[in-house]
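We did not get these values from a lab; they are worked out from the coordinates using the rules stated. Fair warning: this is a prediction, and the values are worked out from it, not measured in the lab. When we count neighbours, we look across all protein chains shown, and the Cβ atoms used for this are built from the backbone with ideal geometry, even at glycine.
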Amino acid sequence: MTQKTHKVLKQAKSRALIDSDTYHDWYKQSVKNPEKFWGKHGKRIDWFKPYTKVKNTSFTGKVSIKWFEDGLTNVSYNCIDRHLKTRGDQTAIIWEGDNPYDDRKITYNELYDQVCRLANVLKSNGVRKGDRVTIYMPMIPEAAYAMLACTRIGAIHSIVFGGFSPDALAGRIVDCESTFVITADEGLRGGKKIPLKHNTDQAVAIAGRSDVVVKKVLVVQRTAGKVDWFDSRDIWYHEAVARAKPDCPPAKMKAEDPLFILYTSGSTGKPKGVLHTTGGYLVYVSMTHQYVFDYHDGDIYWCTADVGWVTGHSYIVYGPLANGATTLMFEGVPNYPSPSRFWDVIDKHQVNIFYTAPTAIRALMGAGDAHVTKTSRKSLRTLGSVGEPINPEAWEWYYNVVGEKKCPVVDTWWQTETGGIMITPLPGATDLKPGSATTPFFGIQPQLVDNDGDVLEGTAEGNLCITDSWPGQMRTVYGDHERFIQTYFSTYKGKYFTGDGCRRDADGYYWITGRVDDVINVSGHRMGTAEVESALVSHDAVSEAAVVGYPHDMKGQGIYCYVTLMEGATGGDELRKDLVRHVRNEIGPIASPDKIQFSPGLPKTRSGKIMRRILRKIAEDDFAALGDTSTLADPTVVTDLIDNRQNKK
Ligand code: PRX
């Protein structure tokens, strides 16, 4: 496909907060003198005590990242209280239920009331500053209240995506020793119920075996479905909140006090607790939200992510609310009750800014244009994409059919670790190239290096690093700072290594090519192949497993599993089904294997290391280019793997 450039749209330019000259000017200032730049923009949030120090960061040695360190602030105060005088009656959250007839609008005044009451419930149940609160919830306003109530009293929240299994939830409860859980009776997505309370009961029991005793479980009544109840531990949310006082002073938090932990997958071991802190994070997400989406006062903004992922944290809740926006929260799925759902919701609530994932765009493109064109979408002004590389075909469809060539598409590259958007177009400033995340946001200094760590200049392809800190950056891996240093700063000394491959073109545009480590991205959900492998080998019939990603039309990447069975076990479709079921139970439905190949042997070097390069090629059905296999302990396994591959084109 020939590469196309879409010039900045006139209508985007005429109203934009940042034009091309301003972008270049600010960008230069931001990297030349970060202290001055962020010292100025740090004031976009309110501080109880202003900071005098701006940046104190080092990517070498023990790696220490501090921003605005002597300032005092509070996130819930910035997201609620400071707006009350001017926009108390403005809608803060539009909630659109799974059922299209189910919706709610919550004003900033109501948000204040709900968050204060819940903060008081947390306090009266013994939750204190620094305590970890696990949130395992559907996409209902109470999830946002829960986050904000934690920040109000300085508790650290750890949200676990509602699609994770009891085992995965338990692992996350244990890792951060969280003794308070907020959940709902059941979730509702696409007309299907998800037994959140039941899963929580199981997870609490599993956590108990590791000596982490969950003392209280606060339960929102969402469906009124039947649940088991433990009187000494379980509390109904609606009863407790009704009894609580409607005011709760915001705790004065240091800028570097922890705000939240969010578990994410890496190439090895169990998921890491990514820790974000208070001041720098809020400055960064509010600023990116405003400029990347060209957000103006009064805009209706919708990000379709789940609060269980970082996109939900930064761009459903914290960024938009810090900016006094109206943010839409959607409980359902893109194709229920029909593939017009997104576009219907846009018309119903007159959405101006819409932010979603390539996997959803591809699925809706597949459903046919008629589902889109029968809706108006007149209110739309800016479209966004996040989570995985967007293929130019899907980009063009999004731009031409959904946006009718009137809305810039901002393809935003970032990560759980980066807290906010890093490489992205700005609607009124950046010419767009479909498939490219384009250019860095203010203060972000990307660098490409080869495998030896040598810096690549100009047009090049290599490993993407960031050379200096930005305020939204993660500060540590919760409870394991050494792992933080090892994972992100040891591959290329003195640089933050993203784990992504990337190409820079002659215009200085960045094109993310995908992960270069053993992390895969399935429908925008990030997963470690090692996690799926360890789920597989915990099945009685499995002796060894190797998992790789392969290109998948809809999901971006699919999960391809090579499984070696125990003596006496026989592979077949029944066992395949059982293994899928097993992985779903261990991790959750998002980790369901797409292909399982029973393989008596795996390609290993003489020292026993599995050669994943070969497995990836076979999974891609591209075995003509296997490269050198002569170093394998037993080169004949490759023939067997090719003969029995599950992906013949
Ligand atoms: O590989 C990149 C991909 O998603 C990874 C980060 O995943 P996660 O921490 O779950 O955060 C997702 C939401 C921010 C990255 O390392 N990724 C994310 N956005 C893009 C992307 N790849 C290409 N283009 C993007 N716009």
For a test of the definition: using alpha carbon positions, the gyration tensor, and the 1.5 limit on a/c, classify region 523-644 as rounded, prolate or oblate.
oblate
In percent, how large is the relative contact order of region 10-503, given Cα pairs closer than 8 Å and 6 or more residues apart?
17 percent
Taking the Cα centre as origin and putting +1 on Lys and Arg beta-carbons and -1 on Asp and Glu beta-carbons, what dipole magnitude results for region 1-157, to the nearest 20 debye?
840 debye
per DSSP, antiparallel bridges as share of beta bridges in region 10-503, % nearest 5, sits at 50 percent
List, largest first, the extents of the alpha carbons of the chain along their principal axes, each in whole Å.
74, 63, 58
Reduced to Cα centres, the span from region 461-540 to region 378-401 in Å works out to 25 Å
Antiparallel versus total DSSP beta bridges in region 228-370: what percent is that, nearest 5?
50 percent
Neighbourhood net charge (12 Å Cβ-Cβ; Lys/Arg +1, Asp/Glu -1) for residue 222:
-3
With the Cα gyration tensor of region 74-198 giving a ≥ b ≥ c as the square roots of its eigenvalues, does the rule (a/c under 1.5 for rounded; else a/b larger than b/c for prolate; else oblate) give rounded, prolate or oblate?
oblate
Among 255, 550, 523, whose Cα lies farthest out toward the positive end of the dipole of the chain, if unit charges sit on the beta carbon of Lys, Arg (+1) and Asp, Glu (-1)?
255
List the Cys residues of the chain that have no partner Cys with a C-beta closer than 4.7 Å.
79, 150, 176, 303, 407, 465, 502, 561
Name the GluC sites (Glu not before Pro) in region 432-533 that are in a loop by DSSP and that have at most 13 other C-beta atoms within 10 Å, would you?
457
Given charges at beta-carbon only (K, R positive; D, E negative), |dipole| of region 344-492 in Debye
960 debye
Dimensionless Rg ratio for region 474-564, taking C-alpha atoms and the 2.2 N^0.38 Å reference:
1.34
Here, residue 636 and residue 7, labelled 7 Å along Cα→Cβ, have an inter-label distance in nm of 6.6 nm
DSSP beta bridge pairing in region 523-644, given as percent antiparallel to the nearest 5
75 percent
Lys, Arg +1 and Asp, Glu -1 on Cβ, resulting dipole of region 60-102 about Cα centre, debye, nearest 20
360 debye
